[in-house]
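The values are calculated or read from the model by the stated rules, or taken from the named source; none is laboratory data. Nothing here was measured: the structure is a model prediction, and the numbers come from that model. Positions of Cβ are generated from backbone atoms using ideal geometry, with glycine treated the same way; all protein chains shown enter the neighbour counts. Heads up: the accessible areas ignore ligands, DNA and RNA and are worked out on the full protein's heavy atoms, side chains in. Shrake-Rupley method; radii C 1.70, N 1.55, O 1.52, S 1.80 Å.
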Amino acid sequence: MTAGNTRYDRPRNQILLPGLRSRRGKSPGATPTAPSTYYGRPMIKAPHWKWYIPSYFFIAGIAAGAAFFGALARFFGGPRHRITVRHARYLALALSLICPALLILDLGRPERFFNMFRVVKVRSPLSLGTWILTAFGVTSGLLAARQMAEDGFLLRRRSFLSRLALLLPDRLLTLIQGALGLGLGGYTGVLLAATAVPLWAAAGILLGPLFLAAAITSGAAALILLGLLSGHQSRAARGDLEIVATVGAVAQLGLAAAHEALVPERIGRPLRHGVWGRVFRYGVLGGGLLAPIGLRLLAWRSDARMKRVFSALSAILTLFGTLAERFAFVEAGKVSARDPLAYQELTAGEPGETRPTPAEQGRRASGAQPYRPGVSARDTVENPQSPSIND
Amino acid sequence: MAKGFFTDTTLCIGCKACEVACKQWNQLPAEDFSLSGMSYDNTTDLGATTWRHVAFIEQFDKGSGQFMGLEGMNGGAGSAAIAERVAADGADDGFLGESRWLMMSNVCKHCTNSGCLECCPTGAIIRNEFGDVYVQPDICNGCGYCQIACPFGVIELNSTDGRAWKCTLCYDRQKDGLTPACAKACPTQSIQFGEVSELQERARERVGALHARGVTDAYLYGVDERGSVGALNAFFLLVDKPEVYNLPEQPHVPQAQVLPSYLVTAATGALLGAATLLTLLLRRRTS
């Protein structure tokens, strides 16, 4: 029935590799015409997501980025990152407690959230993401418990619970948490890409990397802030985090540039014009990515006090920028879903590419009856054989 | 062995018996009573409580493919443009001779490769024993992901009860060996129900007959599909471009993105991880 197709093909306007995007296919049909829509009605449904979901992307991203850095710092950071690792573990636990709440609140039937655990579907990012988040939450809880036992924080030293917590394998759990952090930071982008929403689908494989880079950047920024607030973080440790945040910001700028260059005009419009276009340009690219990088350059030659101020400022800006980025992508996606011309561009095809052209179908039609005046089509060919029609 | 619909739009007279029969049998509430200004179409969309929708397309100018719509109503900009074109082209190409009124009863396509079914994280959406895509209302928790995974904009969350709904292809009636309500009610057999392979054969013959009579624009949408969505269990005979009926020219299964996206994301993670590692190791040595 589906000869010649693969389950893995993608729209011509989705990004597979830079440069592979073909031009807008001409309107299929007899004559080249102005694009027609059905009274301008949307062709697909827009996401119903309330503010919970972009907020979840933001918070899960921070947790993921913190866990990711914490894991690497635990193994390779040496003693100066002991405090960073501790912060990362507590932060990951605190945020991974908020995440499920946000997701459950967004459900149409919140009391049925546990139905998510009926199945594991690798091809559904929402299903896989649920499992990643669950595993991440459990791991974060265990690691934080162990950390509490070590720190004597909330758990009394040498108490039964404390001894139990110290039995947990620190290295193994850290490794798992770091890996799950990568999954948690990245799957949200894949989740958006695997939809029919033009803006997200057209951004294709760029969204996963972009969301992951944003997660790592915001996680590092959160750890910088926590370090400054606690006052125990060494300058060298903060410097490491600054470099990671900068690398992440540069990566995001690169991915945003690729997005700008590769997503067709009509599809990318909600992210380039209007409210969300301004939020994206000034809030995300300017305030959230370029400004922190600039502040860090400024801090290069200033004294220790100013360095702290610049660090705090750039971290705060990064966090706000990331929040704006999550909202801009989700909300601009909603706008693009309501635009029938954007969806037409995403689903454009050459005549005869998706299905045989009318002429081909006419030629192929077997048993076509010659035209006989006065005899209706139903008399000649309709002649229903299936008893189900007239039963 | 799948059961499905063949909707022959050339036989549709726009009576909306299918809409009414669907609402009655499935006990779906009425939408608010408002006039859309879109020809006779005041339903406007498929949705959570509208599982059959008759589209009305008024075409007054074959040359431009433009239909009249709101703009063309008495004295609007559209009618002026059409009048100019008629004057310029002469009587032979006049819109009166070329005008037509297309009607199409839209429904869930019950795709071979179904976006909603593949994305559903609760397993509420299944393919039932009749080969159709069915949402189990006792399982759905209203996450709404299916709503944006459908390439046709069919399935939708009901804001009142918080669950996703769409055409069930009258699962309950089929279980009792009955024809789905819309097909049963259709007075012109524009909607035909039956074994998909049988319907496809019948539809191909119909296309041949229409071509023989000079309707050379007639074609089947959803039968010999080469796209990732595959054949549609509910397919259509159309006489104009798909987007005229608000259907995508080349629908895609969104899940085609999943594997490449994960791979590239993992590669990005590896790169950023390497950068972080390098930072930690190099600066540890220098400090």
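Go through (1) over 14 Å from the mean Cα position of the chain (by Cα); (2) under 25 Å from B:C15 (Cα atoms); (3) at the interface with chain A (Cβ under 8 Å from one of its Cβ atoms) and name the single condition B:K184 misses. Exception for B:K184: condition (3). Once the range B:161-176 is narrowed to residues that are touching a residue at least 40 places away in the same chain (Cβ under 8 Å) and over 16 Å from A:R112 (Cβ atoms), the residue that is farthest from the other protein chains (Cβ to nearest Cβ) is B:T168. What number of residues in the range B:115-150 are more than 10 Å from chain A (Cβ to nearest Cβ) and either touching a residue at least 60 places away in the same chain (Cβ under 8 Å) or touching a Leu at 6+ places or on another chain (Cβ under 8 Å) (or both)? Matching residues across the range B:115-150 total 8. What residue, of A:L93, A:L107, is of a type outside the set (K, R) and within 14 Å of B:C143 (Cα to Cα)? One residue alone meets the criteria, A:L107. Among the residues of the range B:209-233, those that are open to solvent by less than 10 Å² (accessible area, probe 1.4 Å) and either among the hydroxyl-bearing types (S, T, Y) or in contact with a Cys (Cβ under 7 Å, 6 or more places away or on another chain) (or both) comprise B:Y221, B:S228, B:V229, B:G230, B:L232.
Of all residues in the range A:315-329, none are open to solvent by less than 30 Å² (accessible area, probe 1.4 Å), in contact with a helix residue (DSSP H, G or I) (Cβ under 7 Å, 6 or more places away or on another chain), modelled with pLDDT under 95 and not small (G, A, S). Residues that are more than 30 Å from B:V215 (Cβ to Cβ) and surrounded by 15 or more Cβ atoms within 10 Å (Cβ to Cβ) were ranked within the range B:11-49; the one that is nearest to the chain's Cα centre (by Cα) is B:G47.
Of all the residues that make up the range A:276-298, how many are without any contact (Cβ under 8 Å) to a residue 24 or more places away in the chain and either buried (at least 20 other Cβ atoms within 10 Å of the Cβ) or of a type outside the set (S, T, Y) (or both)? Qualifying residue count, the range A:276-298: 7. Can you tell which of B:G153, B:G194 is at the interface with another protein chain (Cβ under 8 Å from one of its Cβ atoms), assigned to a strand (DSSP E or B), open to solvent by less than 10 Å² (accessible area, probe 1.4 Å) and under 22 Å from B:A21 (Cα atoms)? So the residue among B:G153, B:G194 that is at the interface with another protein chain (Cβ under 8 Å from one of its Cβ atoms), assigned to a strand (DSSP E or B), open to solvent by less than 10 Å² (accessible area, probe 1.4 Å) and under 22 Å from B:A21 (Cα atoms) is B:G194.
One residue is enough: does the range A:226-237 have a residue meeting the conditions buried (at least 24 other Cβ atoms within 10 Å of the Cβ), within 14 Å of chain B (Cβ to nearest Cβ), of a type in the set (A, V, I, L, M, F, W, C) and over 21 Å from the mean Cα position of the chain (by Cα)? Yes; the residues of the range A:226-237 include at least one that is buried (at least 24 other Cβ atoms within 10 Å of the Cβ), within 14 Å of chain B (Cβ to nearest Cβ), of a type in the set (A, V, I, L, M, F, W, C) and over 21 Å from the mean Cα position of the chain (by Cα). Inside the range B:246-272, residues that are facing chain A (nearest Cβ under 7 Å) and under 13 Å from the mean Cα position of the chain (by Cα) make up a count of 6. Just to check your reading of the model, which residue among A:P198, A:P264 is surrounded by 24 or more Cβ atoms within 10 Å (Cβ to Cβ) and either among the aromatic types (F, W, Y) or touching a residue at least 60 places away in the same chain (Cβ under 8 Å) (or both)? Result of the check over A:P198, A:P264: A:P198.
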